[in-house]
Amino acid sequence: LDTSSPEIQEARLKLPVLAEEQVIMEAVRENPCVVICGETGSGKTTQVPQFLYEAGYASGSGIIGITEPRRVAAVSMSHRVAKEMNLPTQVVSYQIRYEGNVTSDTKIKFMTDGVLLKEIQKDFLLQRYSAIIIDEAHERSVYTDILIGLLSRIVPLRNKKGMPMKLLVMSATLRVEDFTDNTKLFRTPPPVIKVDARQFPVTIHFNKRTPLEDYTGEVFQKTCKIHRMLPPGGILVFLTGQAEVHSLCRRLRKAFPFRKGNTTTGVDEEADTSEAMRKFKKAKQKKTVSLPRIDLDNYSALPVDEGDEDREAGIGDEEDDGSDLEIGDDPANGEEKADPSIPLYVLPLYSLLAPEQQAKVFRPPPPGTRLCVVATNVAETSLTIPGIKYVVDCGRVKKRFYDRVTGVSSFKVTWTSQASANQRAGRAGRTEPGHCYRLYSSAVFGDFSLFSEAEITRRPVEDLVLQMKDLNIDKVVNFPFPTSPSAEALVAAEQLLVSLGALKEPPRTGRVKDIERARLSCPITPLGRAMASFPVAPRYAKMLALGKQQDCLPYVIAVVAAMTVREIFEDLDRPAGSEDESSKLTQRRARLTQMRRLWAGQGASLLLGDLMVMLGAVGACEFAGCTPKFCEENGLRYKAMVEIRRLRGQLTNAVNAVCPEVGAFVNPKMTPPTENQVFCLRQIVLAGLGDHLARRVQAEDILDPKWKNGYKTPLMDEPVFIHPSSALFKTLPEFVVYQEIMETTKMYMKGLSAVEAE
Ligand code: ADP
Ligand code: MG
């Protein structure tokens with residue numbers, strides 16, 4: 001193989017998976033499905049696609065596909081493999097939800113699991129592929145699980161039709177029984193090849209006591225101590241979320257400052273913010289006499305053809321919710337005196353971080369410094385950072401939890417699993433013997449669950465059920481899931497889809513049991529097919545389907561795009577890092593609040609609430625050319641705005657594919673909606689979020705003070721509230737619909753719009 005550099009070649013030869021090439025390829029030749037287990041860093045992701053390539057699996061018309069649960073991994077692994085093989089990115093390519101570099105010459109294609117699922121919808125037999133590798137199967141992401149279920153059927157079908165295809169499932173842990181001992185999935189259990197990692201010994205140091213309160217403080221102290229006392233070698237710190245990561249980075253940088261011949265990343269484009277805003281705001285809010293009604297049976301979506309865009313989990317990368325407020329930088333408590341004599345090169349790493357920033361961790365640190373990467377669990381298995389000798393593990397992970405009945409979600413920091421803790425520790429022993437500092441006691445470790453639960457058992461599944469129905473899998477309960485979602489979750493999903501009109505209500509029979517059983521096989525409707533072709537959750541897909549009326553489509557697309565992308569606004573409750581920063585932050589808060597008020601509009605627009613703020617932000621940002629400068633100045637997350645822009649384009653194409661006569665296009669100079677359109681938009685939003693309705697409890701009905709300013713929802717006994725940051729906080733309309741309820745200090749509704757009382 002012609003590799004690009006001797007160093008890469010040499011590094012490659014050291015990878016444990018290389019010793020198993022023959023065993024792996026023989027198993028692949030003789031079996032339709034093979035499972036490969038090997039420690040993170042043993043070379044699975046980078047090498048196995050090359051084995052298949054060299055064995056000729058991409059020499060005919062078929063190509064090799066590799067799925068990753070995380071976008072970060074799909075992009076960076078495709079680059080790495082292209083480099084190792086000395087092939088251009090037209091040949092070793094990637095495709096993720098919003099972008100890709102796949103060409104007709106592509107032979108090896110890295111993609112997110114959602115992208116492949118979408119391709120199965122277009123071609124159930126996946127005829128473009130001669131081999132599929134499902135990577136990181138241990139993560140048990142929902143789409144990965146579904147893909148394995150589908151492929152367990154597709155592979156035998158392909159063989160029967162004389163177009164054989166290979167399936168490889170790769171996992172970083174040995175726990176693969178859900179795949180191998182599941183006869184519903186694979187009638188003949190696939191062979192498991194275990195790659196012995198040449199792992200150097202990692203010494204585990206448990207804490208005597210387990211800090212329950214200030215574990216980030218403990219992490220800080222430990223990292224400082226390692227840096228001051230221990231021999232050279234990179235430090236990798238595991239924390240639970242983005243805010244924690246940034247806070248620790250700040251503290252460490254302050255303690256061990258490192259200055260380079262600094263050229264702060266210049267902002268590329270000029271955007272005259274105020275001018276753009278002024279123009280955008282120059283809305284002629286026309287007065288009209290009669291208000292239009294949205295015809296709830298008039299869908300712009302009558303399926304002609306499937307949309308041609310990929311899709312990805314709307315939920316995922318859980319650790320990166322920006323909403324954790326409780327990170328105390330407590331300067332009184334054990335802050336270090338700045339010591340510039342031993343500079344520490346501190347880098348953050350988490351999913352929502354810009355790719356250029358992520359790429360930094362792979363490069364050697366500046367001479368004379370020690371590398372310290374502060375990461376969420378993206379660094380646990382997806383990416384291997386070179387040169388790590390010390391791991392500091394807080395032992396916790398942030399996960400999103402859903403209430404099965406109410407759908408209320410909350411991010412909670414919980415103990416991680418033993419398997420995850422061991423993965424984290426393993427990161428210290430890739431290049432030489434290492435050390436892992438666990439900031440909890442061995443007794444606490446003993447109480448961790450052995451493995452993390454599969455995601456599919458922990459979240460609502462309406463999007464999956466719709467996708468599966470679109471694949472004509474009517475009896476979803478019978479699907480060969482590696483781990484099945486609960487019956488309740490499946491029933492709830494079918495009910496929601498029936499209420500949205502995506503599935504046909506089954507004929508009613510007498511007993512409840514029968515109804516429930518029947519619900520699980522509701523057939524998909526034409527509207528449901530159209531909705532399935534839109535790469536967004538069913539509630540939003542319904543809004544798109546109604547969007548063509550009253551020329552609302554461009555607004556519906558923009559709002560749906562904004563609702564789908566997480567955390568578009570800078571968190572105004574973010575704590576200040578220092579006194580100095582604090583006064584600046586107060587000013588900034590005031591200015592950004594002002595800006596959001598501007599986006600919320602006046603008069604009728606106000607009733608569209610937070611969705612109007614989103615629409616205003618998207619409009620203004622596009623108007624200004626979507627520059628980093630505009631985003632920075634106006635408290636918008638640049639990466640989110642870029643995603644929204646891509647998603648707008650993608651949704652526009654999807655709508656046009658379903659309904660060409662609509663002729664939707666993305667207008668970068670979109671004017672704000674008229675009063676009439678706002679009215680229609682609210683009806684459309686209600687049609688999608690109808691099951692997310694809340695009514696303010698009237699003053700005279702309040703018996704318990706906890707209900708003051710509270711809202712009542714159909715499914716909950718407890719009050720829910722409008723967050724002070726919401727555009728509707730002051731108005732407190734009688735009826736609202738919400739995007740979701742998040743439990744933080746209270747139950748808060750997010751993404752609100754006011755609803756007309758009829
Ligand atoms: P696995 O999939 O088994 O976890 P990988 O194939 O991802 O292993 O990684 C194998 C090795 O390749 C790792 O030791 C890592 O250091 C190296 N590597 C992977 N990606 C990069 C990269 N972008 N830059 C430098 N080294 C890399
Ligand atoms: Mg890997």
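Hey, which lysines would be in cross-link range of Lys83, C-alpha to C-alpha under 20 Å, not counting anything within fewer than 8 residues on its own chain?
Filter leaves Lys14, Lys44, Lys107, Lys109, Lys360.
Give me the one-decimal Kirkwood hydrodynamic radius in Å for region 63-175, with the sum taken over alpha-carbon pairs. Intermediate results must be reported in sequence, preceding the final value.
Values: mean 1/r = 0.0708 Å⁻¹.
Evaluated on region 63-175, it is 14.1 Å.
Over the Cα atoms of region 32-104, Rg to Rh with Kirkwood Rh, two decimal places?
Rg/Rh: 0.94.
For region 1-65, what value does the Rg/Rh ratio take when both radii are computed over Cα atoms and Rh is the Kirkwood radius, given to two decimals? Please report the intermediate quantities before stating the final value.
Working: Rg = 12.4 Å, Rh = 12.8 Å.
With Rh from the inverse mean 1/r over Cα pairs, Rg/Rh is 0.97.
Which of Lys412/Lys629; Lys475/Lys504; Lys398/Lys584; Lys629/Lys730; Lys639/Lys669; Lys118/Lys475 have a Cα-Cα distance over 25 Å? Mind showing how you got there, number by number?
Details: Lys412/Lys629 33 Å; Lys475/Lys504 13 Å; Lys398/Lys584 30 Å; Lys629/Lys730 31 Å; Lys639/Lys669 20 Å; Lys118/Lys475 20 Å.
Pairs exceeding 25 Å: Lys412/Lys629; Lys398/Lys584; Lys629/Lys730.
Tell me the accessible surface of His79 in square angstrom (1.4 angstrom probe, heavy atoms of protein chains only), to the nearest ten.
About 90 Å², rounded to the nearest 10.
With a 1.4 Å probe and all protein chains kept in place, how much accessible area does Glu10 have, in Å² rounded to the nearest 10?
Counting only protein heavy atoms, Glu10 exposes about 110 Å² to solvent.
What does the highest-first list of 66-73, 649-656 look like by mean Cβ count within 10 Å?
Values: 66-73: 25.4, 649-656: 21.9.
Highest-to-lowest ranking by the protection proxy: 66-73, 649-656.
Note down the magnitude of the dipole of the chain about its Cα centre, charges +1 on Lys and Arg C-beta and -1 on Asp and Glu C-beta and zero elsewhere, to the nearest 20 debye.
Working: 98 positive and 96 negative charges, 91 e Å.
The dipole of the chain has a size of about 440 debye.
Below 12 angstrom from the Cβ of Gln127, what's the summed charge of the other residues (Lys, Arg +1; Asp, Glu -1)? Display every interim value, and only then the final one.
Details: positive: Lys122, Arg128, Arg158, Lys161; negative: Glu119, Asp123.
Its environment carries a net charge of +2.
For region 375-504, with the dipole built from +1 on Lys and Arg beta-carbon atoms and -1 on Asp and Glu ones, taken about the Cα centre, which of Ser382, Val476, Leu497 lies farthest toward the positive end?
Working it through, the farthest residue towards the positive pole turns out to be Ser382.
How many angstrom separate the Cα center of region 447-501 from the Cα center of region 606-666?
Centre-to-centre distance over Cα atoms comes out at 30 Å.
Go ahead and run the numbers for FRET between Met229 and Gln587, Cβ-Cβ distance against an R0 of 56 Å, rounding to 0.05. Can you show the working numbers first?
Working: r = 41 Å, r/R0 = 0.74.
In this case the efficiency is close to 0.85.
Using amide H atoms built 1.01 Å from N in the peptide plane, name the residues 5+ places from Leu636, or on other chains, whose amide H lies under 5 Å from its own.
Long-range HN contacts for Leu636: Glu570.
Taking H as built 1.01 Å from N, whose amide H comes closer than 5 Å to the amide H of Ile66, not counting residues under 5 places away?
Excluding prolines and chain starts, which carry no amide H, the hits are Lys109, Phe110, Met111, Ile133.
List every residue whose amide H lies under 5 Å from the amide H of Val169, counting only residues 5 or more places away in sequence or on a different chain, with H placed 1.01 Å from N in the peptide plane.
Sorted by chain and number, the residues that satisfy this are Val34, Val35, Ile36, Ile134.
For the chain, build the charge dipole from Cβ charges (+1 Lys, Arg; -1 Asp, Glu) around the Cα centre, then report which of Val142, Gly114, Ser753 sits farthest towards its positive end.
Checking the options against the dipole of the chain, the answer is Ser753.
If I take R0 = 41 Å and measure r between the Cβ atoms of Ala487 and Asp701 in this structure, what FRET efficiency does the formula 1/(1 + (r/R0)^6) give, to the nearest 0.05?
Details: r = 36 Å, r/R0 = 0.88.
So the FRET efficiency works out to roughly 0.70.
Against the empirical 2.2 N^0.38 Å scaling, what ratio does the C-alpha Rg of region 619-750 come to? Walk me through the intermediate numbers first.
Working: Rg = 18.6 Å, N = 132, 2.2 N^0.38 = 14.1 Å.
Ratio of Cα Rg to 2.2 N^0.38 Å: 1.32.
Need one number: the % of Cα-Cα pairs in the chain sitting beyond the 50 Å mark. Present the calculation step by step, with values, prior to reporting the outcome.
Details: 43015 of 286903 pairs.
Here the tail beyond 50 Å accounts for 15 percent of pairs.
For region 178-218, what does the alpha-carbon gyration tensor say about shape, rounded, prolate or oblate, given a ≥ b ≥ c as the root eigenvalues, a/c under 1.5 as rounded, and a/b over b/c as prolate? Before the final figure, lay out each step's value.
Working: a/c = 5.40, a/b = 2.09, b/c = 2.58.
Since a/c reaches 1.5 but b/c is at least a/b, the shape of region 178-218 is classed as oblate.
Cα centroids of region 26-92 and region 719-737: how far apart, whole angstrom?
50 Å
Keeping every protein chain in place, order Thr671, Thr457 by accessible area at 1.4 Å, biggest value first, i.e. largest first.
Thr671, Thr457
Please grab the % of Cα pairs in region 539-645 that end up more than 16 Å from each other.
Working: 3506 of 5671 pairs.
Result for the distance tail: 62 percent.
For an R0 of 45 angstrom, estimate the FRET efficiency from the Cβ-Cβ distance between Glu432 and Glu26 and round to the nearest 0.05. Kindly include the intermediate steps, with their values, before the conclusion.
Working: r = 33 Å, r/R0 = 0.73.
Once the sixth-power term is evaluated, E becomes 0.85.
Which order do peptides 441-447, 249-255 fall in by mean Cβ count within 10 Å, highest first? Can you show the working numbers first?
Working: 441-447: 12.9, 249-255: 19.6.
Most protected by this proxy first, the peptides run 249-255, 441-447.
The values are calculated or read from the model by the stated rules, or taken from the named source; none is laboratory data. On a predicted model such as this, the values are computed, not experimentally measured, just so you know. Every residue, glycine as well, gets a Cβ built from its backbone with ideal geometry; the counts of neighbours run over all protein chains shown. These area figures cover heavy atoms from the full protein model, side chains too; ligands, DNA and RNA do not enter into them. Shrake-Rupley method; radii C 1.70, N 1.55, O 1.52, S 1.80 Å.
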